[in-house]
Amino acid sequence: MSINRRSVIKAIAASGALVGASVLMPRIAMAAWTKSAFKAEDQATAMQELLGGTAEESADVTLKAPDIAENGAVVPVTVRSSLAGVESISIFVEHNPNPLVVEFIIPAGTDADVSTRLRMGKTSKVTAVVKAEGKLYSASKEVKVTIGGCGG
């Protein structure tokens, strides 16, 4: 197989376009980022900034987290919802320095089922909030932390 100069230049140009697109995409995603919600120092403010209100407890939201986290740096959490029209799932840790931990945007037609690992500085209530058809639903659980993970 013979590689000529023109083939090499085309390959470099194509890969440069891919790299350029991948650099721009996070900026597009960040345009919708709610910085004030992630910087809020209390859970009520973070919920208000991100979601515009408070959520009601619902049996249609399932939050799975350990009763005791031996290491607050890696606390596994899973959130599921059987609600129709789920738009987003957000997770808050009440006593973290910044309570909003993550927001997942759920595309239409996708199962509302997410898993992640959280950092928790101390024992706290973990709250999952599901936004479905413009309404807010939640589930909470107290997680005891034996070794802190996020300071504060």
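Among the residues making up the stretch 56-74, those that are modelled with pLDDT of 95 or more and within 22 Å of PHE38 (Cβ to Cβ) are VAL61, LEU63, ALA65. Please go through the stretch 127-139 and pick out each residue that is within 19 Å of GLU49 (Cβ to Cβ) and either modelled with pLDDT of 95 or more or crowded, with 16+ Cβ neighbours inside 10 Å (or both). Passing the criteria: THR127, ALA128, VAL129, VAL130, LYS131, LYS135, LEU136, TYR137, SER138.
Any chance the stretch 97-115 includes a residue that's in the same structural domain as THR45 (by TED's automatic domain parsing), surrounded by fewer than 14 Cβ atoms within 10 Å (Cβ to Cβ), part of a strand (DSSP E or B) and among the β-branched types (Val, Ile, Thr)? Within the stretch 97-115 (the criterion being in the same structural domain as THR45 (by TED's automatic domain parsing), surrounded by fewer than 14 Cβ atoms within 10 Å (Cβ to Cβ), part of a strand (DSSP E or B) and among the β-branched types (Val, Ile, Thr)), the answer is yes, since at least one residue qualifies. Against the conditions (1) outside any strand (DSSP E or B); (2) at pLDDT 90 or above; (3) of a type outside the set (Gly, Ala, Ser), THR78 satisfies every one except (1). Considering every residue within the stretch 20-34, establish whether at least one is under 17 Å from the mean Cα position of the chain (by Cα), outside any loop (DSSP other than H, G, I, E, B) and modelled with pLDDT of 80 or more. No: the stretch 20-34 contains no residue that is under 17 Å from the mean Cα position of the chain (by Cα), outside any loop (DSSP other than H, G, I, E, B) and modelled with pLDDT of 80 or more.
The values are calculated or read from the model by the stated rules, or taken from the named source; none is laboratory data. Everything numeric here is computed off the predicted structure, so don't read it as measured data. Cβ: placed from backbone, ideal geometry, glycine included. Neighbour counts: every protein chain shown.
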